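S.K.: Encoded as structure tokens, here's the structure I'll be asking about.
The values are calculated or read from the model by the stated rules, or taken from the named source; none is laboratory data. Note that this is a predicted model, so its numbers are computed, not measured. All Cβ positions, glycine included, derive from the backbone under ideal geometry; neighbour counts span all protein chains shown. Note: areas computed on protein heavy atoms with side chains; ligands, DNA, RNA excluded. Shrake-Rupley method; radii C 1.70, N 1.55, O 1.52, S 1.80 Å.
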Amino acid sequence: MNNQDNNMLFFASCPKGVEELLATELAALGAEPERQTVGGVFVRTDRAGMYRLCLGSRLANRLVLVLVQTTFRNADELYAAVRAIEWPALFACQHSIAVDFTGSNDAIRHGNYGAQRVKDAVVDRFYADQDRRPDVNPKAPDVQLYAHVRRNRLLVGIDVSGSSLHRRGYRLDGAKAPLKENLAAALAMRAGLQQGDQRQLIDPFCGSGTLLIEAVMIRLGIAPGLLRERFGFECLALHDDALWQQLHSDAVRQCREAIAAAGAEAPLALGFDQDARMVGAAASNAARVGLGELIEFRQRALQDFSLVQEHAPVLLLTNPPYGERLQDRDGLFPLYRLLGDKLREYCQGSQVWVLCSDAHLLKSIGLQKSKSYPFYNGAMVVEWVRYDIYARQQGEQVRDEKYDEAITMIENRLRKNSKKLQKWLERNAIDCYRLYDADMPEYAFALDRYHDRFHMAEYAPPKSVDAYAAFMRRRQFEQAVRNVFGLTGGQLVVKERKRQKGREQYQRQDQRQEFFPVREGRAELMINLTDYLDTGLFLDHRPVRLMIAEMAAGKRFLNLFCYTAAATVHAALGGASESVSVDMSQTYLDWAARNFARNRLDTRRHQLLRADVMKWLAAPTVAGKFDLIFLDPPSFSNSKRMEGVLDIQRDHALLVGMAMELLADDGLLLFSNNRRDFRLDDGLRQKFSVSDISRKTIDADFERNPKIHQCWRITHLQQPGKN
């Protein structure tokens, strides 16, 4: 071993991005930094310095005593370099070992193979010198060996920390994936926190309390390793237990004195969390360090956050939820917006630091960044952002004029549309209608009214649209709707509209089962605004349904792809002698049954059949012809219950042809679909009498979107000799 006890070389590893802070910290602890590398710092120190680093480093993961740094060309040379180390002089054979091997090259392609070669070299050296060998214990070794390979360079050492130094020993309770202690300390130090800092520490998302506990330990100068039960150096020959016990006792005494002196200033920190379990865990964790009286944790949601600034200014450090999945982000936008509002209101003249992985969420805070630093939380790149909250003058109000102007603009459009439709609605006794349909392109929403309730659906924005900008527009539009119509609570439901594929149209969005009736003509139809993407009633087909009601008297009616069978209800109330409604979804057929029950339809004369429509048309399970058929298929479907895929452009000629085989000679087929670029097959015009009635089936509330659907009347060609 080349190292002397008073000049030993160590490698202190750390999270990526913390190297500079770690070098400064190690120097402050008395070590002599030699060089920085990615993920760590090389330093020299003596035996007492090794103890101080293990006990006092807040930032290091591990402290490795470097034994060999050399080059090698193959696995045999690696083995020889490790075997040359005088291992029996470093620790006794009765101590178990394990090898932590990192890196690879052409000679050592797998870490397990590298670890095996290192282990073999160590135990072979023991066997050669002492005729016995140490045991291997990969889970809880007495001595943790360390080897790292990069290109043809080899570093071999012993981990004198034993286990990662971030494991302080106080955090026994908390979330499954909390912030690691050494990263929390790095964040606090990057925020400028030092021993003796007098600012009150605040965290509105304290979780299990790690960030505040580490910050208070820094402020009081408490050594972070005091609660650890063991260190790796305790099994090494170089260990001086008397020196260690003296240094440890000094650190314990300093901790007690610092806590006692700070008692008069309590609380030094305030932590808030809406989860009572987290608040309890945080309090328990703080108590284990002896900080139970110095950090106050309270159960409080962000909307209830407030501060009485007895200690001004404050230093707010927080790690709000940011989620790893993109679909989580939209639900967090309001939280970050609220955080910005609370910071402006209660943290004037203070410094705020926020940790987040998502630039869109940070943007939604609505504050100007002062500084930011990248860190790694595990494999995730996160940003540690500083906001300097200026102090407002007395009476000054924070107001986003552009935001308010946009709301006013939307309100004006909604009032204009309502006024335009009012006479038509009254004349036709309509209380379910479309009020707005992306009238302003930047506000791409469809707003439908169902009596006194509203359904706001957002057309999914393209990926090029800034996610935060889309969120703000949604928030503005929703606020405008509530303002214009004086809505409360559950009167407005907001969803995202997107192109539905396969079984998406059947997927449940919620479990509320909140059905309520609305009137359309003579029918009462059940609506559900919350549980599915659709509401149970396609408003654009209102004219077609009312047309069916007028034509159905005494006729046999067939409804294909019946959805919730609203058209069938109209036909039955219009006097249809009997009806058959076919759909593949049991969910929608159950909904149809609700509609039938609401309108007291005789289910012996009006049947609901669950079937693949294409397959059913090829072999119908009911006999006889139908006088009136409504065929309104989806544009595309690849449902698992179907045999094959339905593409309405490709398959409509076959579909219409099969339906026409079930149509009486003097019957009428109404064929409709909502594919915007749909073109009717010319062959159908040659086989049947076809007339386009699309314009007649578009009501006033859909005039801005005349391509919402297309509709045709189709009858059999009049045969010669028939009247």
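S.K.: Restricting the search to the range 358-404, which residues are assigned to a loop (DSSP other than H, G, I, E, B), basic (Lys, Arg) and at pLDDT 85 or above?
M.R.: Of everything in the range 358-404, just one residue is assigned to a loop (DSSP other than H, G, I, E, B), basic (Lys, Arg) and at pLDDT 85 or above, namely Lys369.
S.K.: Any idea which residue in the range 443-481 is nearest to the chain's Cα centre (by Cα), counting only those that are in a strand (DSSP E or B) and touching a residue at least 40 places away in the same chain (Cβ under 8 Å)?
M.R.: The selected residue is Ala457.
S.K.: Given the structure, is Ala576 more than 18 Å from Ser672 (Cβ to Cβ) and either in contact (Cβ under 8 Å) with a residue 24 or more places away in the chain or among the aromatic types (Phe, Trp, Tyr) (or both)?
M.R.: Here the answer is yes, as Ala576 does meet what is asked.
S.K.: Can you name every residue in the range 122-165 that is open to solvent by 50 Å² or more (accessible area, probe 1.4 Å) and of a type in the set (Phe, Trp, Tyr)?
M.R.: Across the range 122-165, the qualifying residue is only Tyr127.
S.K.: Have a look at Arg256, Arg288 and point out the one that is assigned to a helix (DSSP H, G or I), free of Cβ contacts under 8 Å to residues at least 40 places away in the same chain and among the basic types (Lys, Arg).
M.R.: Of Arg256, Arg288, the one residue that is assigned to a helix (DSSP H, G or I), free of Cβ contacts under 8 Å to residues at least 40 places away in the same chain and among the basic types (Lys, Arg) is Arg256.
S.K.: Quick test of your reading of the structure: Gly111 fulfils all but one of (1) open to solvent by less than 40 Å² (accessible area, probe 1.4 Å); (2) at pLDDT 95 or above. Name the failing condition by number.
M.R.: Looking at each condition in turn, Gly111 falls short on (2).
S.K.: Can you say whether Ala215 is crowded, with 24+ Cβ neighbours inside 10 Å, more than 27 Å from the chain's Cα centre (by Cα) and farther than 30 Å from Ala84 by Cα, as far as the supplied structure shows?
M.R.: It is true that Ala215 is crowded, with 24+ Cβ neighbours inside 10 Å, more than 27 Å from the chain's Cα centre (by Cα) and farther than 30 Å from Ala84 by Cα.
S.K.: Mind checking which residues of the range 440-449 are among the charged types (D, E, K, R) and open to solvent by less than 30 Å² (accessible area, probe 1.4 Å)?
M.R.: The answer is Asp448, and nothing else.
S.K.: Among the numbered conditions (1) farther than 17 Å from Asp135 by Cα; (2) of a type outside the set (Gly, Ala, Ser); (3) touching a Cys at 6+ places or on another chain (Cβ under 6 Å), tell me where His95 comes up short.
M.R.: Only one criterion is unmet by His95, namely (1).
S.K.: Which condition number does Gln200 fail, the rest of (1) out of contact with any strand residue (DSSP E or B) (no Cβ under 8 Å at 6 or more places or on another chain); (2) open to solvent by 10 Å² or more (accessible area, probe 1.4 Å) being met?
M.R.: Of (1) out of contact with any strand residue (DSSP E or B) (no Cβ under 8 Å at 6 or more places or on another chain); (2) open to solvent by 10 Å² or more (accessible area, probe 1.4 Å), only one is false for Gln200: (1).
S.K.: Being open to solvent by 40 Å² or more (accessible area, probe 1.4 Å), of a type in the set (A, V, I, L, M, F, W, C) and closer than 30 Å to Leu65 by Cα, is that true of even one residue in the range 261-271?
M.R.: no
S.K.: Residue by residue through the range 413-440, note down the ones that are in contact with a Lys or Arg (Cβ under 8 Å, 6 or more places away or on another chain), over 15 Å from Glu520 (Cβ atoms) and in a loop (DSSP other than H, G, I, E, B).
M.R.: Within the range 413-440, Asp439, Met440 qualify.
S.K.: Starting from residues that are closer than 23 Å to Asp627 by Cα and open to solvent by less than 10 Å² (accessible area, probe 1.4 Å), keep the ones in the range 590-601 and report whichever is farthest from the chain's Cα centre (by Cα).
M.R.: Restricting to residues being closer than 23 Å to Asp627 by Cα and open to solvent by less than 10 Å² (accessible area, probe 1.4 Å), the top hit is Phe596.
S.K.: Another question, then. On the given criteria, is Arg168 open to solvent by 10 Å² or more (accessible area, probe 1.4 Å) and assigned to a loop (DSSP other than H, G, I, E, B)?
M.R.: Considered against the rule, which asks whether it is open to solvent by 10 Å² or more (accessible area, probe 1.4 Å) and assigned to a loop (DSSP other than H, G, I, E, B), Arg168 comes out as no.
S.K.: Quick check: anything in the range 618-625 without any contact (Cβ under 8 Å) to a residue 12 or more places away in the chain and farther than 24 Å from Leu546 by Cβ?
M.R.: Yes - at least one qualifying residue is present in the range 618-625.
S.K.: Another question, if that's okay. Restricting to the range 602-632, and then to whatever is open to solvent by 70 Å² or more (accessible area, probe 1.4 Å) and in contact with a strand residue (DSSP E or B) (Cβ under 8 Å, 6 or more places away or on another chain), can you tell me which residue is modelled with the lowest pLDDT?
M.R.: Only one residue tops the list, namely Thr621.
S.K.: Which ones in the range 672-690 are touching a residue at least 60 places away in the same chain (Cβ under 8 Å) and either open to solvent by 30 Å² or more (accessible area, probe 1.4 Å) or among the charged types (D, E, K, R) (or both)?
M.R.: Matches in the range 672-690: Asn674 only.
S.K.: What tally of residues in the range 539-586 results from selecting those that are in a helix (DSSP H, G or I), hydroxyl-bearing (Ser, Thr, Tyr) and open to solvent by 10 Å² or more (accessible area, probe 1.4 Å)?
M.R.: So the answer is 0.
S.K.: Does the range 421-439 contain at least one residue that is farther than 22 Å from Arg519 by Cβ, of a type outside the set (Phe, Trp, Tyr) and surrounded by fewer than 14 Cβ atoms within 10 Å (Cβ to Cβ)?
M.R.: no
S.K.: Residue by residue through the range 89-100, note down the ones that are open to solvent by less than 30 Å² (accessible area, probe 1.4 Å) and aliphatic (A, V, I, L, M).
M.R.: If the condition is that a residue be open to solvent by less than 30 Å² (accessible area, probe 1.4 Å) and aliphatic (A, V, I, L, M), then Leu90, Ile97, Ala98 are the ones that fit.
S.K.: OK, next. Kindly indicate whether Gln327 is under 17 Å from Val352 (Cβ atoms), at pLDDT below 90 and either in a loop (DSSP other than H, G, I, E, B) or open to solvent by 70 Å² or more (accessible area, probe 1.4 Å) (or both).
M.R.: When the stated conditions are applied, Gln327 does not pass them.
S.K.: Please enumerate the residues belonging to the range 700-719 that are within 40 Å of the chain's Cα centre (by Cα) and either closer than 14 Å to Phe630 by Cα or not in a helix (DSSP H, G or I) (or both).
M.R.: Glu703, Arg704, Asn705, His709, Gln710 - these are the residues of the range 700-719 that are within 40 Å of the chain's Cα centre (by Cα) and either closer than 14 Å to Phe630 by Cα or not in a helix (DSSP H, G or I) (or both).
S.K.: Then there is this: Where the second residue is open to solvent by less than 10 Å² (accessible area, probe 1.4 Å) and of a type in the set (A, V, I, L, M, F, W, C) and the first is farther than 20 Å from Leu631 by Cβ and lies in the range 529-547, which pairs have Cβ atoms under 6 Å and are six or more apart or on separate chains?
M.R.: Thr535/Ile527; Thr535/Leu529
S.K.: Looking only at residues that are under 22 Å from Asn319 (Cβ atoms) and out of contact with any Lys or Arg (no Cβ under 9 Å at 6 or more places or on another chain) in the range 220-256, which one is least open to solvent (accessible area, probe 1.4 Å)?
M.R.: Among those residues, the one meeting the criterion is Ile222.
S.K.: Condition first: touching a residue at least 12 places away in the same chain (Cβ under 8 Å) and either farther than 27 Å from Gln198 by Cβ or touching a His at 6+ places or on another chain (Cβ under 9 Å) (or both). Now tell me which residues in the range 269-283 satisfy that.
M.R.: Within the range 269-283, Gln274, Asp275, Ala276, Met278, Gly280, Ala281 qualify.
S.K.: Right, something else. Could you figure out which of (1) without any contact (Cβ under 8 Å) to a residue 60 or more places away in the chain; (2) more than 19 Å from His360 (Cβ to Cβ); (3) surrounded by 16 or more Cβ atoms within 10 Å (Cβ to Cβ) isn't true of Val484?
M.R.: Exception for Val484: condition (1).
S.K.: It is to be established whether one or more residues within the range 450-468 are surrounded by fewer than 18 Cβ atoms within 10 Å (Cβ to Cβ), under 19 Å from Phe702 (Cα atoms) and at pLDDT 90 or above.
M.R.: Checked against the condition, which is being surrounded by fewer than 18 Cβ atoms within 10 Å (Cβ to Cβ), under 19 Å from Phe702 (Cα atoms) and at pLDDT 90 or above, the range 450-468 yields at least one hit.
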